[in-house]
1. Only one of these is more than 16 Å from the ligand (Cβ to nearest atom) and not in a loop (DSSP other than H, G, I, E, B): Leu120, Leu113, Leu82, Leu131. Name it.
2. State which residue is nearest to the ligand (Cβ to nearest atom) when the search covers only the stretch 145-167 and only residues that are in a loop (DSSP other than H, G, I, E, B), of a type outside the set (Ser, Thr, Tyr) and closer than 24 Å to Gly209 by Cα.
3. Quick test of your reading of the structure: Ala179 fulfils all but one of (1) away from the ligand (no atom under 15 Å from the Cβ); (2) surrounded by 14 or more Cβ atoms within 10 Å (Cβ to Cβ); (3) within 25 Å of His106 (Cα to Cα). Name the failing condition by number.
4. Looking only at the stretch 56-77, count every residue that is under 29 Å from Ala40 (Cα atoms), surrounded by 18 or more Cβ atoms within 10 Å (Cβ to Cβ) and not hydrophobic (A, V, I, L, M, F, W, C) and tell me the total.
5. How many residues does the stretch 101-141 hold that are farther than 24 Å from Asp231 by Cβ and not small (Gly, Ala, Ser)?
6. For the stretch 227-248: of the residues being away from the ligand (no atom under 13 Å from the Cβ) and of a type in the set (D, E, K, R), which is surrounded by the fewest Cβ atoms within 10 Å (Cβ to Cβ)?
7. Only one of Val72, Val41 is aliphatic (A, V, I, L, M), assigned to a helix (DSSP H, G or I) and on the phi < 0 side of the Ramachandran plot. Can you tell me which?
8. Here is a list: Ser250, Ser278, Ser216, Ser245. Which entry is under 27 Å from Pro54 (Cα atoms), among the small types (Gly, Ala, Ser), part of a loop (DSSP other than H, G, I, E, B) and over 19 Å from the mean Cα position of the chain (by Cα)?
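Any read-out appearing in this document is the output of simple, stated calculations on the displayed coordinates, not a laboratory observation. All of these numbers come straight from a predicted model, not from anything done at the bench. Glycine also receives a Cβ, built like all others from the backbone with ideal geometry; neighbour counts cover every protein chain displayed.
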Amino acid sequence: MKPIPLSKAPIDAAQRKAIKPVLCYPVETLPRPDIGAYRAVREGLKHVRTVVVPARDAATFTVPAGSFFRIVSTEGPQVGDLNLFNQHDLSERFYTGKTRALNGTHLGVGDQLFSSFPSLRPMATITHDTLDWYGFDEFGGSVHDVIGTRCDPYTHNLLSGGGQYHHCCHSNLTRALSASTGLALHDAEPHVHDVLNVFMCTGFTRDTGQYFMKASPVQPGDYLEFFAEIDLLGCLSACPGGDCSAEHSSDTAKCYPLLVEIYEAAQRPEGWVAPVVSGYDRTHGVGV
Ligand SMILES: [Zn+2]
């Protein structure tokens, strides 16, 4: 809850508050993918591999550039926390903050997941979403957000007065990344980053601006589909919050596995070119 204001409102407060907002990043200047060309390729997809993400745990997977992958709900409603890396360079990873600034709080078909500086390029493009009917509900909630971070044992420890819980998404992602890269646990941990909350239904309360969650509308068979713009290493955690209707960071919620299905495409989307890293010269004005 926000405290009662200490400062007196100025006489023109109403006028100032009535100023209409403008979008921070005009979408006209953001290069958008030709989603029709991506979707045309979906017809010939060939399933090549399935990775099972156990409940309250995480798993890694690789997807070559030009292939597709789906995160699939199976057995019961379950939220997934997704990290993405350049398969050949862990320092290039999914950048939720900039992806949010460019696309909005929740992602859907046609949105691209951008990588960290200095690359800032699309890593993946969302090509299908069986939950796209949901839109925004009356509470301002929607699915697939880039506003939460990931449940983690540090925040849990802070809020629970010293609790130790080891199956938060942060720990699940850390263990899985460590196991697949061979990095020691504490060397893998700093690579874990803010996630795309797949299937999670979230928003900010209108009155206090607080982050909220509610039961995910996902049902077995629902999936979110991506096109890999670059060679990807993905890491997905099946959140201990299950459908995130009540709580996370405990073993209370009913949890289910998630599937990651990898698909080969017979051809590349028409006009597609592999994204190159940012053209900024990185001098930051020094010596210019
Ligand atoms: Zn989680």
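1. Details: Leu120 fails: not in a loop (DSSP other than H, G, I, E, B); Leu82 fails: more than 16 Å from the ligand (Cβ to nearest atom); Leu131 fails: not in a loop (DSSP other than H, G, I, E, B).
When all the criteria are applied, what remains is Leu113.
2. Start the filter on the stretch 145-167 by keeping residues that are in a loop (DSSP other than H, G, I, E, B), which leaves 146-152, 161-167.
Now drop any that are not of a type outside the set (Ser, Thr, Tyr), which leaves 146-148, 150-152, 161-164, 166-167.
Filter again for closer than 24 Å to Gly209 by Cα, leaving 146-148, 150-152.
Values: Val146: 14, Ile147: 14, Gly148: 8, Arg150: 6, Cys151: 3, Asp152: 8 Å.
Here the answer is Cys151.
3. So Ala179 meets the others, but not (3).
4. 5
5. Count: 11.
6. Per the stated criteria, the residue is Asp231.
7. When all the criteria are applied, what remains is Val41.
8. Values: Ser278 fails: under 27 Å from Pro54 (Cα atoms); Ser216 fails: over 19 Å from the mean Cα position of the chain (by Cα); Ser245 fails: over 19 Å from the mean Cα position of the chain (by Cα).
Among Ser250, Ser278, Ser216, Ser245, only Ser250 is under 27 Å from Pro54 (Cα atoms), among the small types (Gly, Ala, Ser), part of a loop (DSSP other than H, G, I, E, B) and over 19 Å from the mean Cα position of the chain (by Cα).
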